[in-house]
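The values are calculated or read from the model by the stated rules, or taken from the named source; none is laboratory data. Computed from a prediction, not measured in an experiment: that's the story for all the values here. Note: ideal-geometry Cβ built from the backbone for every residue, glycine included; neighbour counts use all protein chains shown. Only protein heavy atoms, including side chains, enter the accessible area calculation; ligands, DNA and RNA are left aside. Shrake-Rupley method; radii C 1.70, N 1.55, O 1.52, S 1.80 Å.
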Amino acid sequence: MFVAKSIAVDHKDLIHDVSYDFHGRRMATCSSDQTVKVWEQGDDGTWHCTASWKTHSGSVWRVTWAHPEFGQVLATCSFDRTAAVWEKEAGQNHWLKRTSLVDSRTSVTDVKFAPKHMGLQLATSSADGIIRIYEAVDVMNLSNWSLQHEFNCHMGCSCLTWNTSRVHPPLIAMGSDDPNPSGGPKVKLYEYSEVQRKWNKVEALSVVSDAVHDIQFAPNVGRSYHLLAVASKELYIFSLKPYRKDPASNPQGNKFEIRQAGMFDCHDSQVWRVSWNVIGTILVSSGADGCVRMWKANYLGNWKCISELKGDGTPGEGHAAVAQNNQPPGTLAANGSMGANNNSSSSNAIRPPVPMNLKRNTGWPWMDIKKDSFKLFY
Amino acid sequence: MASERESEEISVPLPSSEDASLQATWGLGNQLFVYAADRRPAKDTNGEGSDMGHTQSYDILDLRWGQDMHGPTTRKLINESHSVFVMLQGQVTSLSGSALYNQLKEASRQYRSIAKACSLELQLLMSNTVDEGEREYYGNQVELLETMQIIWSLCEILFIDIAPGEMVLVQLLNWVRWHFSAGREMAQDVINDEIPEEHPAYWEAIFRLLLQGEIERVRKLLSLHSCSQTQPFTSVEELLKKMPQWGNLRTVSLAEFDLKWRHWREECMRRYEEGHFTAFAELERVVQVLCGDMLVFSELKDYCETWYHLLISRLLYQNPTVRPTDLAFHVQACMEEFQRAGHRMGHVDNILQAALEFDLHQVIKDSSTSLGDRSWWFGAHLTDILHHCGQIDSQKLPFGSNLREYLLLEYVAGLMSHHSLWQVGVDYLDHCPVFGKEHMKLYIENLPLDSERKANKLIHICEERDLLEQVQSICKIMGVRCSQDGRLGSALSWFLRSKDVPAATRLTEKFLQDYKENGNFSHLDLLDHMGPTMLLTQQLTFLGKYREFHRMYQEKDLKGAASLLLSMLTARAAPRHFWVTLLMDALPLLETPQVILGTSQTYELMHCLEELTQDLTRNTPTSTTPSRASSTPTPQSAGTGVTAAGSSQILSQRDLEKLKLLRLALCRNLSRSIVHEGTIVPL
């Protein structure tokens, strides 16, 4: 059974990213209205906005949380050609800008923190194709970040993702939204070489020739291979198995045995976003057809769509109006003052849970066993 | 229904207009944030903000599922089956052979009884509620649980508790009797009636009982008939009495039983053909049933309610010694019987059919798809038992243990979304040999640390499983959080626990700074009970020692305090910027009426004072380094930065005054101690 709760986020423009912290108690949203909002979940399960502030002078594309070991830290990237690191002030609901990373000369399209075991590192991708990796000089003082590495992918970057495996060398996959299908592969993999102290291109996925909008490695749960989801014209799921390390014959680092675990032409034309659950067993994708689909592998490793979410066409304005009407007058007043970068916990216009008229969720992907072909169903 | 299961479609209350499409981000567990976002790729939008006329506010939908598991009744189901599961896993490793086999059978029964208890409780809730929606909800839940029990019991009979001698029908009869009780209830009504034979359900009760092989009860009902002493009735009574019962004949072999049964049936046939019963049409039908007449079963099929009941009833009177593997041959006919009458076969029918056809894989697969949110509970536990029984090991199914673990992990995924059931999930993960540990690590990293208690619980769990990295991480997170909230004492104790040197050093500095500013210590209890943990960093050791000095001073152990102070200075354990404070602390010791510091100790102190002032007067970066190198014989890896920073401080005028005062006090003390010790004897 699905239960839905609506959260009136009250961004003045389109939401570009919603990011969830590691413990699932906080959420950050960013929007074209140049602001970021931070939300906290109360004990009763409702979400309250605890901070809302203007972060950039352009659309904010992405917002992402650092591991809680480093405190409450956010990174954002924007059309205004910068990325920024924000930290919550101790004991306050203010977020302080710790640094502004201004190296890019074009829009910064994505920002991602490295997995925790690599320390506090940050990768940004920019529209001119350069990926930069920064590291906090002192994790106790986040105002000082040094640019550690910089490499050019030779095509506009739209997204990047870190591989989370601890046992393998650091690995980044990037995607390009270059619209030219003959411009070569749109997904490239870069691996860090400890010996050379630099990032080397190790693979390019030539299957993907259309613009890539999002890319994400699945959390590695002790698999011998990595899973990479790519949102392009189709939805791709790749499994990348590192070959046995042999430094002598392979000075460029590991190459991968790449298998296409799934390719789905499902969202009519374009897939915009992909997102894995915490254990990397279910993938959600969203695309131009307005649907959100969930994908799951059975125990034989076959990926199938298990459910599909569609908007019921509730018009945006009317919907928002309903949310507003449900608000007690007191909160409305607080809502009005929220635009001015305050930190009141307002905007709690969350309506009671609506049990939806849905079919049971099975979560079990179908599988092809010979048996099925002659089994009768009624 | 299509041969392939379609993915389900869900509509959510969000706009689905031309320029906005849905996007989604995963939350924790079974939770998605769905929101409307731009249809166009990010690059094309005008970055300069809201000049596109978007005035509406966009909502985010917090979407959760699988919450059925979280009701109070179901939690009982989860918790009780958890203890059975854990116990069983222990027995699997410690027992073997028939002892283990008995435990497996026992566990299977326990799971079923837990489900039964849960279903009864839900029924009670259902009868107590007046709300129509709730009633329907409970009704569905009860139905699901009952379905699970039907499937489970059949699987238990066929795969787990396998009857010796292949006489499977006795168990199957019990199975049918257990799940279809309408006949017995009806019979009770009839018996309670004043004139039983005129009760409208008199014959129906008889047939229902007969179809379940409840011979004793049938005889009882027949004896209540007013004509029970007539010849046709006594004849039936005799036949029923003579009917061979496997239970009574445990000593005979299957072949012997079969022979006895054939004799009995021939007699039934003979009496029927002789027309003993034509006077009573209903009685004649009873005998037709006894004879195993095909037609009469079709007529009575509505009393069986389902095809599988019909199957068992027919086998009872046609082929009671049927072998388990032959069951499948009779399935189709019974199903068709019902299909002709317009019944549609549902999921449950397919699952039971698969079970009777010994297609375990299909059973598990279908029950996992069609039993709602509790399907993982069902699949995981049943598969676990079947796995230990060797029914789905790798020889029989190419992915045997895989399948078990897959189902267990799915079950755990549901538990982990819950704010307290995650603890149950942890125990299940322990029994997933391949991915259990890695999944655990990921879950632990993502479990919210709402309170110190929960953090400690998690740490305990991690320590038990040797997940030291996770322990460290939790301590660090808690420490960072505490220091953010200004609770420095708790923060320090968390950092000490995680042996986090840089963070602890930083906090210690903060403590010392606080002391320098306020002149007293906070978090005394923590500092007083650090014990050997204070050796983690040099700063911390110093802090601990310094606190000890204060305690000795307060306890009037002036001698001890003085020598401790001296040793802190001479061992260069104190950070240089703290030396002024330390030396000033020596002042009261020098001014006491009795002599505390001896000559050599006073010399030492003077030496330190001189060193400090020299350091401060030659206060250029080039000169501090060599002087420090010469004055610090011990390597100061952790404290180097701090010391350098501290010594570069320029002393305030007030400090200089203080030092002058100290110099004077030292001189006075020196002269006193010389006299006191008599080291220089006056000539």
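If the cut-off is 13 Å between C-alpha atoms, which aspartates and glutamates fall inside it for B:LYS76, apart from same-chain ones fewer than 8 positions away?
Answer for B:LYS76, where 13 Å is the Cα cut-off: B:ASP68, B:GLU121, listed by chain and number.
If each residue of separation counts as 0.36 nm, what is the full-extension length gain between B:SER451 and B:LEU124 once their alpha-carbon separation is subtracted?
Values: separation 327, 0.36 × 327 = 117.72 nm, distance 3.63 nm.
Answer, rounded to one decimal: 114.1 nm.
Taking θ = phi - 60°, what integer Hz values does the Karplus form 6.51 cos²θ - 1.76 cosθ + 1.60 yield along the range A:73-82, in sequence order, with x for Gly and Pro?
Running phi through 6.51 cos²θ - 1.76 cosθ + 1.60 with θ = phi - 60° gives 10, 10, 10, 10, 9, 8, 5, 6, 6, 10 Hz.
Checking an interface number: how much accessible area is buried between B and A, summed over both chains, with a 1.4 Å probe, in Å² rounded to 100?
10000
Accessible area of B:ARG109, 1.4 Å probe, to the nearest 10 Å²?
90
Given B:TYR202, B:LEU173, B:VAL236, which one lies farthest toward the positive end of the charge dipole of the range B:160-308, if we put +1 on the Cβ of every Lys and Arg and -1 on the Cβ of every Asp and Glu?
B:LEU173
With the cut-off at 27 Å, tell me which of the pairs B:LYS105/B:LYS365; B:LYS545/B:LYS658; B:LYS365/B:LYS437; A:LYS97/A:LYS233; A:LYS116/A:LYS255 have Cα atoms farther apart than that.
The answer is A:LYS97/A:LYS233.
Report the label-to-label distance for A:MET140 and A:ASN302 in nanometres (one decimal), using points 7 Å from each Cα along the Cα→Cβ vector.
A separation of 5.7 nm, rounded to one decimal place.
Report, by chain and number, residues whose modeled amide H sits under 5 Å from the one on A:ILE282, excluding near sequence neighbours (fewer than 5 apart, same chain).
It is A:ASN277, by chain and number.
Would you kindly derive the ³J(HN,Hα) couplings of the range B:121-126 from the backbone phi angles with the Karplus curve 6.51 cos²θ - 1.76 cosθ + 1.60 (θ = phi - 60°), listing them in order in whole Hz, with x for Gly and Pro?
Result, ordered by residue: 5, 5, 4, 4, 4, 5 Hz.
Rank these by accessible area, largest first, 1.4 Å probe: B:VAL348, A:VAL202.
B:VAL348, A:VAL202
Can you send over the carbon and sulfur percentage of the accessible area for the range A:79-148, probe radius 1.4 Å, protein chains only?
Details: 1160 of 2730 Å².
Within the range A:79-148, the accessible surface is 42 percent carbon and sulfur.
Test of the criteria: in the range A:198-245, which chymotrypsin sites (Phe, Trp or Tyr not before Pro) are in a DSSP loop and have at most 12 other Cβ atoms within 10 angstrom of their Cβ?
Working: sites: A:TRP199, A:PHE217, A:TYR225, A:TYR236, A:PHE238, A:TYR243; in loops: A:TYR225, A:TYR243.
Passing both the DSSP loop test and the Cβ count: A:TYR243.
Rounded to the nearest 20 debye, what is the charge dipole size of the range B:232-310 about its Cα centre when +1 sits on each Lys and Arg Cβ and -1 on each Asp and Glu Cβ?
Here the size comes out at about 340 debye.
List every residue whose amide H lies under 5 Å from the amide H of A:GLN148, counting only residues 5 or more places away in sequence or on a different chain, with H placed 1.01 Å from N in the peptide plane.
Under 5 Å from the amide H of A:GLN148 lie the amide H atoms of A:ILE133, A:TYR134, A:GLU135, each far enough along the sequence or on another chain.
Only four residue types carry charge here, +1 at the Cβ of Lys and Arg and -1 at the Cβ of Asp and Glu. Report the dipole size of the range A:97-163 about the Cα centre in Debye, rounded to the nearest 20. It would help to have the intermediate numbers written out before the result.
Details: 6 positive and 6 negative charges, 37 e Å.
Here the range A:97-163 has a charge dipole of around 180 debye.
Determine the per residue accessible area of the range B:434-528 with all protein chains present and a 1.4 angstrom probe, expressed in square angstrom.
On the way: 4240 Å² over 95 residues.
Per residue, the range B:434-528 has 45 Å² of solvent-accessible surface.
Could you sort A:VAL271, B:VAL434 by accessible area so the largest value comes first, with the probe set to 1.4 Å?
B:VAL434, A:VAL271
DSSP loop chymotrypsin sites (Phe, Trp or Tyr not before Pro) in the range B:435-498 with at most 11 other Cβ atoms within 10 Å of their Cβ, which ones? Mind dumping the intermediate values first?
Details: sites: B:PHE435, B:TYR443, B:TRP494, B:PHE495; in loops: B:PHE435.
Hits after loop and neighbour filter: nothing returned.
Collect residues whose amide H, placed 1.01 Å from N in the peptide plane, falls under 5 Å from the amide H of A:SER107; neighbours closer than 5 in sequence don't count.
A:ALA127
Round to a whole angstrom and tell me the spacing of the C-alpha centers of the range A:125-183 and the range A:264-312.
25
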